[in-house]
Amino acid sequence: MISLLRARGPAKLNLTLEVLGRRTDGYHEVRTVLQAIDLCDTLLFQADEHISLFCQRTPLLTGDNTILTAARLLRERSASPAGAVIELEKHIPVAAGLGGGSSDGAATLRALNGLWKTGLDRQTLQPLAEMLGSDAPFFLYGGTALGEGKGERITQLPSAISGPIVLLVPPLTGRPEKTGQLYALLNTADFTGGQFTQRLTEVLRKGQPIAPSLLYNAFERVALGFFPGLQEYRQRFLESGASQVHLAGSGPALFTLAGDETQAARICQTLRRQRLTAYVVRPFVEEKDIH
């Protein structure tokens with residue numbers, strides 16, 4: 001019987017993020033290509049009678065933490081009496097547009113499904129993931145995927161990127177409910193018909209290289225006004241050698257596709273010399289599915 005289990009929760013990038021319009025249920029219809037990257041949180045799970053969470057970053061230990069919510073949802077769905085002591089090693093920057101909270105929740109569903117031997121398949125876990133956030137279903141699949149609807153309808157795609165990516169996380173204060181506020185700032189001129197995502201998915205399915213011009217994010221215009229100073233950090237990223245800079249999710253993190261390892265290292269080192277938080281990341285190699 002497994003008594004201790006380790007899982008990783010990867011961050012994600014939206015290579016495209018299109019908003020098609022507002023839905024009758026109040027949410028927005030999106031089409032997005034998501035890519036899991038190897039900037040990961042680590043979660044350790046040990047069987048116990050109760051569900052508890054430990055993390056050195058105490059502000060994350062709230063009752064509505066996605067890890068605790070995921071564990072409770074799974075226990076309710078499976079009618080399992082089991083519990084777990086969960087330890088979170090947090091590496092993904094919080095509230096940066098990288099999906100760390102959703103990823104941790106999905107990793108919890110998958111890990112506890114194995115630890116508790118509940119035997120639920122991914123299709124059964126997906127509705128639970130949807131309760132954690134629009135990004136969470138993607139993290140049950142990982143890799144590269146098309147997201148539709150609110151982002152919860154997932155279709156896996158061929159691997160998107162083979163080279164390095166440079167990620168910059170500006171030192172801007174995270175704002176609560178920022179994604180909802182950014183959606184509220186969009187106007188009809190920011191809505192598209194899904195054509196950017198369609199072009200990118202066609203390129204991926206043909207196994208062709210990704211041109212930076214294929215990347216798109218509907219939030220880029222409003223984010224530059226929403227996050228004071230973001231334009232300055234975008235400019236500094238460009239001056240460090242990035243050919244194009246893109247918003248990660250709802251921001252404020254930024255990324256660029258580097259031409260090769262040498263260029264990626266040079267850009268990252270230039271940003272770090274300015275005492276900025278920068279990473280060289282690559283596509284996340286998915287661990288074996290937990291069932």
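The values are calculated or read from the model by the stated rules, or taken from the named source; none is laboratory data. From a predicted model like this one, the values you see are computed outputs, not experimental measurements. Neighbour counts are summed over all protein chains in view; Cβ atoms, including those assigned to glycine, are modelled from backbone coordinates with ideal geometry.
For region 282-289, check the following and say yes or no: at least one residue is in contact with an Asp or Glu (Cβ under 9 Å, 6 or more places away or on another chain), assigned to a loop (DSSP other than H, G, I, E, B) and surrounded by fewer than 20 Cβ atoms within 10 Å (Cβ to Cβ).
Initially, region 282-289 is screened for residues in contact with an Asp or Glu (Cβ under 9 Å, 6 or more places away or on another chain), giving 282-285.
Now restrict to residues that are assigned to a loop (DSSP other than H, G, I, E, B): 282, 284-285.
Then keep just the ones that are surrounded by fewer than 20 Cβ atoms within 10 Å (Cβ to Cβ); that gives 282, 285.
Checked region 282-289: at least one residue is in contact with an Asp or Glu (Cβ under 9 Å, 6 or more places away or on another chain), assigned to a loop (DSSP other than H, G, I, E, B) and surrounded by fewer than 20 Cβ atoms within 10 Å (Cβ to Cβ).
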Of the residues in region 129-141, those that are in a helix (DSSP H, G or I) and surrounded by 24 or more Cβ atoms within 10 Å (Cβ to Cβ) number 5
Ala95: passes all of (1) of a type in the set (A, V, I, L, M, F, W, C); (2) at pLDDT 95 or above; (3) not in a helix (DSSP H, G or I) but (2)
Of the residues in region 24-57 that are within 26 Å of Leu13 (Cα to Cα) and β-branched (Val, Ile, Thr), the one that is nearest to the chain's Cα centre (by Cα) is Ile37
Only one of (1) touching a strand residue (DSSP E or B) at 6+ places or on another chain (Cβ under 6 Å); (2) under 27 Å from Leu44 (Cβ atoms); (3) in contact (Cβ under 8 Å) with a residue 60 or more places away in the chain does not apply to Asp121, and that is (1)
Picking from Gln126, Gln181, the residue that is under 30 Å from Thr24 (Cβ atoms) and surrounded by fewer than 17 Cβ atoms within 10 Å (Cβ to Cβ) would be Gln181
Note to self: Being in contact with a helix residue (DSSP H, G or I) (Cβ under 9 Å, 6 or more places away or on another chain) and either touching a residue at least 40 places away in the same chain (Cβ under 8 Å) or outside any helix (DSSP H, G or I) (or both) is the requirement here; does Val222 meet it?
What the structure shows: yes
Within region 9-38, the residues that are β-branched (Val, Ile, Thr), touching a helix residue (DSSP H, G or I) at 6+ places or on another chain (Cβ under 7 Å) and either surrounded by fewer than 20 Cβ atoms within 10 Å (Cβ to Cβ) or over 18 Å from Glu130 (Cα atoms) (or both) are Thr16, Val19
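Quick one: count up the residues across region 266-280 that are hydrophobic (A, V, I, L, M, F, W, C) and either farther than 19 Å from Pro212 by Cβ or in contact with a Cys (Cβ under 9 Å, 6 or more places away or on another chain) (or both).
Total satisfying the criteria: 3.
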Scanning region 245-267 residue by residue, the ones that are closer than 24 Å to Val94 by Cα and loosely packed, with under 14 Cβ neighbours inside 10 Å total 0
Among the residues of region 177-187, are any within 21 Å of Leu39 (Cβ to Cβ) and of a type in the set (Val, Ile, Thr)? yes
